[in-house]
């Protein structure tokens, strides 16, 4: 079997760490693994694939020979360094928003639009966490009944913000339980025992950047610009896994039973839908697992052709690192690398 | 000024305690205050209105002379005892779901449908917490532009479940922070650093009782059975205040600016809508306050005539105890008691 020279950029972050873990878990065909970060984290020695690997400074590294690079260093790092990796002959799977909406860059969820990978020019964009899990659940509905409109509200965990946010939630929670002063600098307001309808930056139309990502990325991944989607994205005091209340208006009638049947065989989905027996998805259940968990499926009583469902997945895994590694696996399967 | 013989049933619970506090804060014209609970809590001495009041056993008490009773003892207590209070000549404002959908019982939010109080036959129902705060925000929109359809997702705090739930959230949060085993018996699954799309009991159509309350109570309060509404209700690890992402499709076009203007002068509403400066409502901000806080108001990009907004209020106050006391105040103002 062919093996690959693989690189992870942003190796010391939450998503980068998860990428390394997933390469190990999936026995990804790694010939060599190189880890990169900014000069601030360079020199750190990390355990990966049974080896001690020294994190290299991305500014000064020679990239010769790298064939596949997983980027989790944030938007600025992606913009600064993706070109150099591509010039060195690597395929870059980028977890940031830097290239997602560029027409020449495929935006891919392997279960949903793998064929888009064929159009790549060296960079493949990994969609936003909140988009990935939603489109996995929407895809079989879209194929069967079409989608007119989606109204979605999210419940997003703090690990989506990064390590400092997880720390802030823990510290503030401790302080609150001990009636001590709540301090913080990651979020603009307290996050412990609270929630904030604020993810990303606010645009002139009143939506946040995170909310608009869900609209535009969904259209691109499903390849249908006629889909109308309005999102409200909310940060909640949960460590791992994003949850979403998804209201879908379809073009033709589809029953809750049909949706259950479609999702029960769709790759990457675990159906958990027996609410009378307390079986439905929730964050701690989905944490550290690969699948997108879907439940609370019901026909919308406010709409003739509508479905309500609750969609939960680990935002660091399917929402980020796992999807990125799956993109590489799919490219190998399709003989694109 | 006329004063009244007032009773609180369920005085030892979270909502009952809040009712007593609000009677004090508002200088409600109390002639005498009697507190009732089941035999389990009877005999407890509570501080109220500067007095020590012994909680009486509701089973055996003589109710003669009571003119206004606030009920916060739950559905079964309401069904069992409301008749006796009415027979004794009292007006009952009931916080449970027992009478809300009975045609002969007014379901009232004083800012929204005070005239319905005139139709009372001794019992007035206080709407569900999640409905009250939503209809306050919907009312001026309804009056100006009509409402076709609402899609709402809630983020409801544990105090809505009661004291034991607040305790469970605190205990589980401590345990989680110390990596200890998570135990619980109030919710079917962990609530600390988690959330559950489960409030109330599940019906055959897949909706929970809490979700259907929002549909049917909204229609009754706004007096319009043509309103279509689909809710997803979710319990979140927050102590106080419910939040709601409310998507409204109106009959005629209304702009975000018009909604802001209407809400800025609507009684009981505080507009907090400057997201670029981190000004929007969130639970710890609304806790222990009277108003319904509304922000994140924007024109829905998925719909020609749609408004998105985020609505937060203290579920024990406006969502329960405050609204109940305001009903009594309104009845005094309208000379109904």
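The numbers here are math on the coordinates, done by the rules we state, and not lab data. All values reported here derive from a predicted model rather than from experimental measurement. Note that we place each Cβ from the backbone using ideal geometry, even for glycine, and neighbour counts take in every protein chain shown.
Eigen-decomposition of the gyration tensor built on the alpha-carbon atoms of segment A:87-217 gives equivalent ellipsoid semi-axes of 34, 19, 13 angstrom, largest listed first. Computed from the alpha carbon atoms alone, the convex hull of segment A:131-314 holds 133 Å³ per residue. Across every pair of non-identical alpha carbons in the protein assembly as shown, the mean reciprocal distance, once inverted, gives a Kirkwood radius of 26.4 Å.
Computing FRET efficiency as 1/(1 + (r/R0)^6) for residue A:24 and residue B:253, where r is the C-beta to C-beta distance and R0 is 45 Å, gives about 0.25. Shortest first, residue A:29 label-point distances to identical copies amount to 8.6 nm, with the label point at 7 Å from Cα along Cα→Cβ. Dividing the alpha-carbon radius of gyration of chain A by the rule-of-thumb value 2.2 N^0.38 Å gives 1.00. Of interest is the spacing of the C-alpha centroids, which for segment B:49-70 and segment A:294-328 amounts to 51 Å.
Across the identical copies, the label point of residue A:200 (7 Å from Cα in the Cβ direction) is separated from its matches by 3.3 nm, in order from shortest. Projecting 7 Å from Cα along the Cα-to-Cβ direction, the label point of residue B:216 sits 4.5 nm from its equivalents in the other copies, listed shortest first. Relative contact order of segment B:209-337, taken over Cα pairs closer than 8 Å and 6 or more residues apart, is 25 percent.
Axis between B and A by rotation; chain B residue with nearest Cβ and distance in whole Å recorded as B:153, 2. Highest mobility in the GNM of chain B, judged by mean-square fluctuation with C-alpha springs under 10 Å and restricted to B:283, B:103, B:197, is found for B:103. The percentage of C-alpha pairs in segment A:181-226 whose separation is greater than 15 Å is 58%. Mark the label point 7 Å from the Cα of residue A:305 along Cα→Cβ and return the residues of segment A:225-263 whose backbone N is within less than 15 Å of it. In segment A:225-263, the label zone of residue A:305 (backbone N under 15 Å from the point 7 Å along Cα→Cβ) covers A:226-228, A:248-256. In this rough spin-label picture, where each label sits 7 Å from Cα along the Cβ direction, the residue B:64-residue B:144 distance is 5.5 nm. For the segment A:258-267, counting C-beta atoms of other chains within 10 Å of every residue's C-beta and taking the mean gives 0. Oblate is the label for segment B:101-170. Its Cα gyration tensor axes, ordered a ≥ b ≥ c, give a/c of at least 1.5 and b/c at or above a/b.
Peptide A:236-248 has a mean of 5 when you count, residue by residue, the C-beta atoms of other protein chains within 10 Å of its C-beta.
What residue among B:28, B:202, B:36 has the largest mean-square fluctuation in a Gaussian network model of chain B, using Cα springs under 10 Å? Per the Cα network of chain B with a 10 Å cutoff, B:202 tops the list.
Using the Cβ-Cβ distance between residue A:39 and residue A:102 with R0 = 35 Å, the FRET efficiency computed as 1/(1 + (r/R0)^6) comes to roughly 0.80.
For peptide B:194-205, the mean count of partner chain Cβ atoms within 10 Å of a residue's Cβ comes to 6.
A protection proxy built from the mean count of other Cβ atoms within 10 Å ranks the segments B:268-276, A:207-215, most packed first, as A:207-215, B:268-276. Between residue A:201 and residue A:175, the modelled label-to-label distance comes to 2.7 nm, taking each label 7 Å out from Cα in the direction of the beta carbon. Approximating the spin labels as points 7 Å out from Cα along Cα→Cβ, the residue B:261-to-residue A:332 distance works out to 6.2 nm. Could you identify which residue out of A:113, A:121, A:277 has the top mean-square fluctuation in a GNM of chain A using Cα springs shorter than 10 Å? Most flexible of the set in this elastic network: A:277.
With neighbour counts taken as other beta-carbon atoms within 10 Å, the residues A:334, B:331 rank, fewest first, as A:334, B:331.
Based on the Stokes-Einstein relation at 20 °C and a viscosity of 1.002 mPa s, and on the Kirkwood radius from alpha carbon pairs, segment A:1-136 is assigned a translational diffusion coefficient of 142 µm²/s.
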